[in-house]
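These notes concern the structure reproduced below.
The values are calculated or read from the model by the stated rules, or taken from the named source; none is laboratory data. Bear in mind that the values here come from a model prediction, so they are computed numbers and not experimental data. Here the Cβ positions follow ideal geometry from the backbone for every residue, glycine too, while neighbour counts run over all protein chains shown.
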Amino acid sequence: MRTFLYGCLLWCAFSGSPAWGRAPAAPEPGISPEVQLCLQHLKPSERERAEKALGPLEELPRYRVQLEVDPDARTVKGRVQVEVLARKQPITGLYLRLTPNAQQRRLTLSDAKLGGQPVRLERPEPTLYHLSLEAEPVPPGAAAVLDVAVEGLVPRAASATSGASGGMLGMLAGKGGGRPSGGDHGAFSASEDFISLVGVVPQVPPMDEAGRPWDGPQGIGDLGLYEPAHVLATITVPRGWAVHATGVSIGEVPERDGRVRFAFAAAAVRDFPILVSKGYASSTATVNGVMVESHYAEADQAAGERVLKHATSMLTEFERRLGPLPYTHFRVVQAPLSGGAGGMEFPGLVTIATSLYRGAAGASEMLRGMPGAEDLEALLGMLGQGGGSLGGGRGGGALAQMNGAMERTLEFTVAHEVAHQYFAGLVGSDPILEPVVDESLAQYAALLYLEWKHGKKAAEAARKETLVGQYHLYRMSGGKDGRADRPTGHFADEFEYGALVYGKAPLLHHASRKLVGDAAFLKALRAYVDTHRFKWACKECFTKELAKASPANASALERLRNRWWRDAKGDEDLGKPQLESLLGGFEGLPGLEALQGVDVDALQGLPGLEAFQEMDAQSKQLLEQLIPGLLGQ
């Protein structure tokens, strides 16, 4: 059945069958039809650069994915075929990573076959499977073709407001952040109208110099990243559901049983996320040969269309300054993320949290009817010099400020995720051992976008609220400064990780830019992207590009990197926390002037604090999402 399915898929694609909605593709000599189908995902102008970086595109690893999803049963099952060419060295073993198994066993691989013959897979780690080929290595020039059955039960999604009681609210209540339940922010979860299947495609992890696979997810931060590869995938879902994935959408084919089969082809991508939705709408636009798609719940159309405008504007600015995105399609998908996450990034596709779509539309609607809503009036009253209902009065002024803060947070989050298309979607780096590399650049690139789009004043306000404020928030809660440059598993919790990796570490780039100047900084940033497109970058690589652009400052740049990433100098560099740095989104609110200059020692005397401390955890977490700068990651 598998052979027939892919034969049919290829025949339809190259014959121009209207069922697939694609124009016929002209065969290219020396390139298989499969790879030609995948290469539709690369801009024609980018294929030469991809081949220069990766070698012959025909030789990249290939994944052939055939899955079926049952939303009612919350199951996913099917088969995946992995083909890896032995280039210069024999292949003596294959590893496959399944990131949903980081917390507990959710997916299983079975019925493994190599070249059509049954083989036995070992499982050295919860997320890792291994096939030993020591007895019969695959010689250079030949390919290892491993075929496995995949089956799993998708856990129910956690509440979007569940997880740690960290951030500003945890700080005021005398608590630090905690490790969110699940550890993947809903990357593998199912709700009534949305199923996230991130990580269900088993992929070959990169190998270190000692021949060991890179580490898998640690419960904090990202899940993984892989070598660029081609993917052909079909995902079958019940009628009324839709599939969103990376790559070119080949088309939708109705099945005789009433289900619908969606097909995608992707080229030179480092990951392949799969999302399934019901009741979604979409809006599209084109930027420099890239089809930008925004997919969102029908009830959130206004926010979904604003997200499309943000994404197209950001992609325009980033392509102008960082070089072209190599892919023909880029998708932004609304997703019910949990644990306080604002978004998640993948090559050619990002997700943005539902809470941001709905928070931007009206914070009062989010708060109304929530447990502990009356207690929130104490804090709103403190900010607004008095009480008043959540929907009006002076407390309503605070809510109006929250609406504006949420809209800015939505824009910043989309900018951060679009920047991830370059760091580390295009310029690869290890997200587990070296998360500071791509996260700090994505965070600072989002600030650069705000400056290009809205001016330096807006960017400076966002820097204080989203970066400096996040660090101050953590310190005010009792968290200790420390080294930002360390593996994700070496952080105590998401609160510490966010403060040091998303808050403090990106400020290295701000300090470096001040040192070398705007022209040299942007020249180095473009050179960094051009040099490492489709490759792996090191921790020092951007600093080296800065030194090339400004040789006289080479030693000073190295000292800056050590200071911001390795040392614990945050308090010296960012000053003593003050309350206004955390309430930057509320400028102009009556009563806020009285709080200017308030530091940690004065917090205990703030009006309304006692009632605030007694709020239930859910209300605290909800309000935390409405305070600016806390969802920048």
**Asked** Which of (1) in contact with a Gly (Cβ under 8 Å, 6 or more places away or on another chain); (2) part of a helix (DSSP H, G or I); (3) at pLDDT 80 or above does G396 not meet, given it meets every other one?
**Response** (3)
**Prompt:** Going by the structure shown, is V516 in contact with a strand residue (DSSP E or B) (Cβ under 8 Å, 6 or more places away or on another chain) and either among the aromatic types (F, W, Y) or crowded, with 16+ Cβ neighbours inside 10 Å (or both)?
**Reply:** no
**Asked** Is it the case that some residue within the range 214-233 is farther than 21 Å from E68 by Cβ, in contact with a helix residue (DSSP H, G or I) (Cβ under 6 Å, 6 or more places away or on another chain) and hydrophobic (A, V, I, L, M, F, W, C)?
**Response** yes
**Request:** Mind listing whichever residues of the range 109-124 are in a strand (DSSP E or B), within 20 Å of P205 (Cα to Cα) and not polar (S, T, N, Q)?
**Result:** L109, A112, K113, L114, E122, R123, P124
**Message:** Among the residues in the range 96-110, are any modelled with pLDDT of 95 or more and either farther than 30 Å from W241 by Cβ or acidic (D, E) (or both)?
**Reply:** no
**Asked** Quick one: how many residues across the range 115-142 are among the β-branched types (V, I, T) and closer than 18 Å to G211 by Cα?
**Response** 2
**Message:** Just to check your reading of the model, which residue among G455, G479 is in the same structural domain as K569 (by TED's automatic domain parsing) and at positive phi?
**Reply:** G455
**Asked** Which one of K535, K544, K548 is more than 25 Å from P431 (Cβ to Cβ) and assigned by TED's automatic domain parsing to the domain that holds D430?
**Response** K548
**Message:** Within the range 169-226, take every residue that is acidic (D, E) and touching a Leu at 6+ places or on another chain (Cβ under 8 Å) and give me the one that is modelled with the lowest pLDDT.
**Reply:** D184
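Let's see how each residue does on (1) buried (at least 22 other Cβ atoms within 10 Å of the Cβ); (2) not aromatic (F, W, Y):
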| site | (1), (2) |
| --- | --- |
| F272 | yes, no |
| M314 | yes, yes |
| E317 | no, yes |
| G323 | no, yes |
| G339 | yes, yes |
**Hits in the range 55-77 - residues which are charged (D, E, K, R) and outside any loop (DSSP other than H, G, I, E, B)** = E58, E59, R62, R64, E68, D70, K77
